[in-house]
There are 2 protein chains.
Amino acid sequence: MDADKIYEVRKFNRFYTRTLQLTNKYHLGTGLTVLESRLLLEIYENKLQTANDLVSFLDIDKGYLSRVLKSLERRGYIEQTVDDLDKRSKLLGLTELGRSTLEIIKKRADQQIDQLFSKLSEQEMEQVISAMDFIRQKVNLD
Amino acid sequence: MDADKIYEVRKFNRFYTRTLQLTNKYHLGTGLTVLESRLLLEIYENKLQTANDLVSFLDIDKGYLSRVLKSLERRGYIEQTVDDLDKRSKLLGLTELGRSTLEIIKKRADQQIDQLFSKLSEQEMEQVISAMDFIRQKVNLD
DNA sequence: TAAAAAAGTTGCTTTTGTCAACTAATTAGG
DNA sequence: CCTAATTAGTTGACAAAAGCAACTTTTTTA
């Protein structure tokens, strides 16, 4: 790939890093950290059922994750139950508190995204989404 | 904005978070952290000349930054010289080591981006860049 | 069925980041 | 002018986030 294309991508990456930083404030006031919110989301929406799933999907240290999950459990956001089919694993699930907190977080995240595109028309917004879809299809994450 | 559009954007954001995580390994083996690499880049390419510029552009704590800059100086990557026009400020600049390390980092970052789009044709790549440009124009970062 | 591998836990350490108090230099208002 | 307020950067103390390695228990493999 030629240098100016790479340069363009890097420019976008820097730009989008800033964008993500801005929209990553949704957890403020909820008592959860960014990571914790993300864990609730991945457990609930993305159906990642075990610590190990989260470790490989999010690429975080399993020791660290173990502690964060323990803390989430202690504070009442999740439950961990030993998997009967594999007693090394624990199945993760959100509690009622976990689900309702996640809803709040999602609502706030939604608002922040809304702001991000506040000045766009319907049509422009659709074009943005197409652009995102397109990028998502083309990037090779292996 | 309606819910499914927001959902699409969030999906993209999660996706691109992962993408950025992958491409943020360029510093490995250079002895610099992600932040340090970023600082060298912004000082050198974006012409941010003082700690204060970096603080407002990157939105990091000035105390923390002060320490990181001191460490970069001690390790020989940058120089800080008191600004004659405002003796509170220090002008930042890369040393020879700083510049050459930045070059290595940029080269590796380029390779990672190349990999990201390794399977695309010229034309697809151009479309991706257009899509990125388009998004960049439309996002409202205030 | 013994050895290897996998899931998760724990102790220890390092890295990263925050906050507030402080110094020195500059700017602004009376 | 000249004093008060502001600004750039530093420092100490601390807290949060993350990484590493050794370990236990269970499962898989050869």
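The values are calculated or read from the model by the stated rules, or taken from the named source; none is laboratory data. Owing to the predicted nature of the structure, the values given are computational and were not obtained by experimental measurement. Heads up, the Cβs are rebuilt from the backbone with ideal geometry, glycines too, and the neighbour counts pull from every protein chain shown. Keep in mind that these areas ignore ligands, DNA and RNA; they rest on the heavy atoms of the full protein, side chains included. Shrake-Rupley method; radii C 1.70, N 1.55, O 1.52, S 1.80 Å.
Measuring between alpha carbons in the structure, the pairs from A:Lys62/B:Lys11; B:Lys47/B:Lys87; A:Lys70/B:Lys138 lying more than 31 angstrom apart are A:Lys70/B:Lys138. Ordering B:Thr30, B:Ile78, B:Ile6 by the projection of their Cα atoms onto the charge dipole of chain B, which places +1 on the Cβ of Lys and Arg and -1 on the Cβ of Asp and Glu, puts B:Thr30 at the extreme positive end. Across the copies of the chain, A:Lys70 has label points (7 Å from Cα along Cα→Cβ) spaced 3.5 nm apart, shortest distance listed first. Couplings for the stretch A:64-70, taken from phi via the Karplus curve 6.51 cos²θ - 1.76 cosθ + 1.60 with θ = phi - 60°, read 4, 4, 3, 5, 5, 5, 4 Hz in order; Gly and Pro are left as x.
To the nearest 20 debye, what is the magnitude of the charge dipole of the stretch A:16-138 about its Cα centre, counting +1 on the Cβ of each Lys and Arg and -1 on the Cβ of each Asp and Glu?
Values: 19 positive and 19 negative charges, 101 e Å.
In total the dipole reaches around 480 debye.
Using a 10 Å cut-off on Cβ to Cβ distances, tally the other chain neighbours for every residue of A:100-113 and report the average as a whole number.
Mean shielding count: 2.
Each of A:Gln21 and A:Arg67 was given a label point 7 Å from its Cα along the Cα-to-Cβ line. The distance between the two points is 2.6 nm. Restricting the GluC sites (Glu not before Pro) of the stretch B:21-63 to loop positions (DSSP other than H, G, I, E, B) with no more than 12 neighbouring Cβ atoms within 10 Å leaves B:Glu45. In chain A, the beta carbon lying closest to the axis that superposes A onto B belongs to the residue given here with its whole-angstrom distance, A:Ala131, 2. Position B:Leu58: other-copy label points at 2.5 nm, ordered by increasing distance, label point 7 Å along Cα→C-beta.
A probe of 1.4 angstrom, applied to the heavy atoms of all protein chains, finds B:Lys119 with accessible area near 150 square angstrom. Across the copies of the chain, B:Thr81 has label points (7 Å from Cα along Cα→Cβ) spaced 6.9 nm apart, shortest distance listed first. Averaged over the residues of peptide B:21-27, the number of Cβ atoms from other protein chains lying within 10 Å of each residue's Cβ is 2. Roll a 1.4 Å probe over the protein heavy atoms and report the accessible area of B:Met1 in Å², nearest 10. In the full protein context, B:Met1 sits at about 80 Å².
How high is the relative contact order of chain A, in percent, with contacts defined as C-alpha pairs under 8 Å that are six or more residues apart? Walk me through the numbers before you get to the answer.
Values: 95 pairs, mean separation 31.1, N = 142.
Once divided by the residue count of chain A, the mean separation gives 22 percent.
Across all directions, the average flat footprint of the convex hull enclosing the Cα atoms of the stretch B:22-138 is 9.1 nm².
Roughly how big is the protein assembly as shown's charge dipole about its Cα centre, with Cβ charges of +1 (Lys, Arg) and -1 (Asp, Glu), in debye to the nearest 20? Can you show the working numbers first?
On the way: 46 positive and 46 negative charges, 211 e Å.
For the protein assembly as shown, the charge dipole is close to 1020 debye.
Rolling a 1.4 Å probe over the protein heavy atoms leaves B:Val82 with an accessible area of roughly 80 Å².
Just the protein heavy atoms count here, and of the accessible area of the protein assembly as shown at 1.4 Å, carbon and sulfur take up 49 percent.
Using the crude model of +1 on Lys and Arg Cβ and -1 on Asp and Glu Cβ, and no other charge, please compute the dipole size for the stretch A:1-53 relative to its Cα centre, in debye to 20.
Details: 8 positive and 7 negative charges, 51 e Å.
Roughly 240 debye for the stretch A:1-53.
Annotation: per residue accessible area for the stretch A:16-138 equals 57 Å², rounded to a whole number [probe 1.4 Å, protein chains only].
For chain B, the longest principal axis of the C-alpha atoms and the axis of helix B:122-138 are separated by about 70°.
Rounded to the nearest 100 Å², what's the accessible area chains B and A bury against each other, both chains counted, probe 1.4 Å? List each step's numbers first, then the result.
Numbers: alone 10810 and 10850 Å², together 15920 Å².
So the buried area, both faces added, is about 5700 Å².
Helix A:3-23: angle to the longest alpha-carbon principal axis of chain A, degrees 0 to 90, nearest 10? So the inclination is approximately 50 degrees.
Taking Cα atoms only, the orientation of helix A:34-44 departs from the longest principal axis of chain A by about 70 degrees. Each of B:Ser66, B:Leu54, B:Leu39 was placed along the dipole of chain B (beta-carbon charges, centred on the mean Cα), and the one lying farthest toward the positive end is B:Ser66. Less than 5 angstrom separates the built amide H of B:Lys90 from those of B:Ala51, B:Asp83, all sequence-distant by 5 or more or on a different chain. For B:Leu48, the residues whose amide H sits under 5 Å from its own are B:Ile43, ignoring neighbours fewer than 5 places away on the same chain, with H placed 1.01 Å from N.
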